[in-house]
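Colleague: Input: one structure, supplied below.
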Amino acid sequence: MQSLLTDAIAQSAVINDLIRRLAQTDTFAYVELTASPEVPTARTKLVTAVAGARFVRIALNMLLSRWDRLPLLAHELQHAVEVAEDRDVTSPADLRVLYRRVGIQTGADRYDSIAARRAGYDVLREEATNRRHSTREASAMGSLTESAE
C-alpha cells in the first residue's frame, strides 16, 4: 500500500490535488487493498462521524493491476472529497442523499459521480503521457548509446 501511495503522489497531479483538497477538511481517508468479494474493483464507504471528524474507508481490490489502481484511487479519492466537502454527510443515509443529488445510480444502493469518473480518466491520461515520455527518453538514451559506440 505504501508503494501505491508513493507512486500516486510522485506521478499524479490529479491525486495530489485530491489529497490537498481532502487535507483541508475534517475528513480522514483510510486506504486499503482488499481481497473482499464485496469490493470487485473499488469502493468508498463512510465509516463514522464524530464531533469535528469524519472517517471514510477507500478499498481497492488487491488483484487489480498497478495500472488500474492509480485511476481507481483517484476515482475513490474524488468520492472522499465529495463527502468531505458536504458537511451534512455524517451517516450512510446522508451519503445516499448526497449521491441521489449529485450522483448517478448504478445499481441497488450503488452510486457514482461524473467528477469521480473524470478523476479516474484524468489519471489514465497522466499515465499515458508519462509512459510516452518514458518511451521517448529510453529511445533517446538508446540513440545516444549507439552514437557513442
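The values are calculated or read from the model by the stated rules, or taken from the named source; none is laboratory data. A quick note: this is a predicted structure, and the numbers were derived from the prediction, not measured. Using ideal geometry, Cβ is built from the backbone for each residue, glycine included, and neighbour counts are taken over all protein chains shown.
Colleague: Quick check on my filter: what residues within the range 78-107 are among the β-branched types (V, I, T), exposed (fewer than 15 other Cβ atoms within 10 Å of the Cβ) and either in a helix (DSSP H, G or I) or at pLDDT 95 or above (or both)? Outline the logic, then answer.
Modeller: Taking the range 78-107 first, the residues among the β-branched types (V, I, T) are 81, 83, 89-90, 97, 102, 104, 106.
Those left that are additionally exposed (fewer than 15 other Cβ atoms within 10 Å of the Cβ): 97, 102, 104, 106.
Scanning the range 78-107 gives V97, V102.
Colleague: Right, something else. Would you check if A84 is touching a residue at least 40 places away in the same chain (Cβ under 8 Å) and closer than 16 Å to R21 by Cα?
Modeller: On the way: touching a residue at least 40 places away in the same chain (Cβ under 8 Å): yes; closer than 16 Å to R21 by Cα: yes.
In short, yes.
Colleague: Can you say whether E82 is over 14 Å from the mean Cα position of the chain (by Cα) and acidic (D, E), as far as the supplied structure shows?
Modeller: On the way: over 14 Å from the mean Cα position of the chain (by Cα): no; acidic (D, E): yes.
Criteria not met by E82.
Colleague: Specify the residue that is farthest from Q24 (Cα to Cα); the eligible residues are those in the range 108-123 that are surrounded by fewer than 17 Cβ atoms within 10 Å (Cβ to Cβ) and hydrophobic (A, V, I, L, M, F, W, C).
Modeller: Here the answer is A108.
Colleague: Tell me the residue from I114, I19, I58, I9 that is within 22 Å of T129 (Cα to Cα) and modelled with pLDDT of 95 or more, please.
Modeller: Numbers: I114 fails: within 22 Å of T129 (Cα to Cα); I58 fails: within 22 Å of T129 (Cα to Cα); I9 fails: modelled with pLDDT of 95 or more.
Answer to the check: I19.
Colleague: Okay, next question. Report the residue count in the range 39-77 for those that are assigned to a strand (DSSP E or B) and either over 13 Å from A29 (Cβ atoms) or more than 12 Å from the chain's Cα centre (by Cα) (or both). I'd like the intermediate steps shown before the answer.
Modeller: Pass one, the range 39-77, residues assigned to a strand (DSSP E or B): 42-50, 53-61.
Checking which are either over 13 Å from A29 (Cβ atoms) or more than 12 Å from the chain's Cα centre (by Cα) (or both) leaves us with 45-50, 53-56, 61.
Qualifying residue count for the region: 11.
Colleague: Within the range 15-44, work out how many residues are of a type outside the set (D, E) and either touching a residue at least 40 places away in the same chain (Cβ under 8 Å) or touching a His at 6+ places or on another chain (Cβ under 8 Å) (or both).
Modeller: As a first pass, look at the range 15-44 and keep what is of a type outside the set (D, E): 15-16, 18-25, 27-31, 33-37, 39-44.
Then keep just the ones that are either touching a residue at least 40 places away in the same chain (Cβ under 8 Å) or touching a His at 6+ places or on another chain (Cβ under 8 Å) (or both); that gives 15, 18-19, 21-22, 25, 27, 29, 31, 42, 44.
Total satisfying the criteria: 11.
Colleague: Looking at this structure, is V31 in contact with a Lys or Arg (Cβ under 6 Å, 6 or more places away or on another chain), surrounded by 12 or more Cβ atoms within 10 Å (Cβ to Cβ) and assigned to a strand (DSSP E or B)? Reasoning before the result, please.
Modeller: Working: in contact with a Lys or Arg (Cβ under 6 Å, 6 or more places away or on another chain): no; surrounded by 12 or more Cβ atoms within 10 Å (Cβ to Cβ): yes; assigned to a strand (DSSP E or B): yes.
So V31 does not fit the description; no.
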